[in-house]
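**Q** Pasting a structure here, questions to come.
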Amino acid sequence: MNGRILVAEDNPKQANLVRLYLEREGHDVLVVDNGRAALDQCRARRPDLVILDVMMPVLNGLDVCRILRAESDVPLLLLTARTTEDDVLLGLDTGADDYITKPYSPRELAARVRSLLRRSGVLAAGGQAVLRAGDLEVDPGRFEVRVAGRPVVLTAKEFGILEVLAGEPGRVFTRAQIIDRAFGFDHLVLERTVDAHVMNLRRKIETDPGSPGRVQTVFGRGYRLVAVGPSDPTPPAVAAPTPPPPRPPA
């Protein structure tokens, strides 16, 4: 288990999506839907990190942040639809450690959470597992990709798609599933946009992008990642010794 995280979000759909992504990262997640419950649970359970939606009933996120900061040094991450500079500064002035605006991708949120947990000493640097499929390596913690040991530079969306596929090599993901897992709240990503990102991704990681062997299309379904090349080279098998021919009769 990486960390104990309290999420205060009154939108059930967004709260569930945040919980699912953070649990995939190995965190223990508790969700509440108002500021008063967030304050009570934080005092009772002492989480490693608190994620607060700014606009919540009973007690808003800024008030909860201000109270918690006076009581403890728990890392605080604010979620909000407000995007002006004054709003950002207000959130930070109340004691928040980080501030993320909606819409945002769960990958970005997970990266912010990892950073805060590392800074607080809960999560060791490089604590997230490297994903491997054949000679392809995806390192989410360092945002790095290597093919046969060669580093490959990807955009954030290309990396997000590859990370989803590399998480379960061989599994077929629909375009809708890829959007949900890689981009989440980013409502500007369309299914045809996924195809364009996959095409660019193939140019960077395939030996022959015109005949892809790693990121394969499953017609009528979506995409899957197939292992190409050895992931752990093993020594060649040693043949059993050939028995000597029988001796001729005397």
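The values are calculated or read from the model by the stated rules, or taken from the named source; none is laboratory data. The structure presented is a predicted model; accordingly, all values stated were derived computationally and were not measured. Every residue, glycine among them, receives a Cβ derived from its backbone with ideal geometry; neighbour counts consider all protein chains shown.
**Q** Going through the range 7-66 one residue at a time, which ones are of a type in the set (Val, Ile, Thr), under 15 Å from Ala110 (Cβ atoms) and in contact (Cβ under 8 Å) with a residue 40 or more places away in the chain?
**A** The answer is Val7, Val18, Ile51.
**Q** OK, next. Out of the residues in the range 155-184 that are more than 15 Å from the chain's Cα centre (by Cα) and on the phi < 0 side of the Ramachandran plot, which is surrounded by the most Cβ atoms within 10 Å (Cβ to Cβ)?
**A** Per the criteria, the residue is Phe173.
**Q** Closer than 17 Å to Val122 by Cα, in a helix (DSSP H, G or I), at pLDDT 90 or above and more than 19 Å from the chain's Cα centre (by Cα) - does that describe any residue in the range 24-40?
**A** So far as the range 24-40 goes, no, none of its residues is closer than 17 Å to Val122 by Cα, in a helix (DSSP H, G or I), at pLDDT 90 or above and more than 19 Å from the chain's Cα centre (by Cα).
**Q** Would it be correct to say that Leu6 is touching a Pro at 6+ places or on another chain (Cβ under 9 Å), at pLDDT below 90 and either in a helix (DSSP H, G or I) or of a type in the set (A, V, I, L, M) (or both)?
**A** Here the answer is no, as Leu6 does not meet what is asked.
**Q** Further question on the same structure: Tell me which residues, restricted to the range 164-185, are of a type outside the set (A, V, I, L, M) and either more than 20 Å from Glu108 (Cβ to Cβ) or modelled with pLDDT of 90 or more (or both).
**A** Glu168, Pro169, Gly170, Arg171, Phe173, Thr174, Arg175
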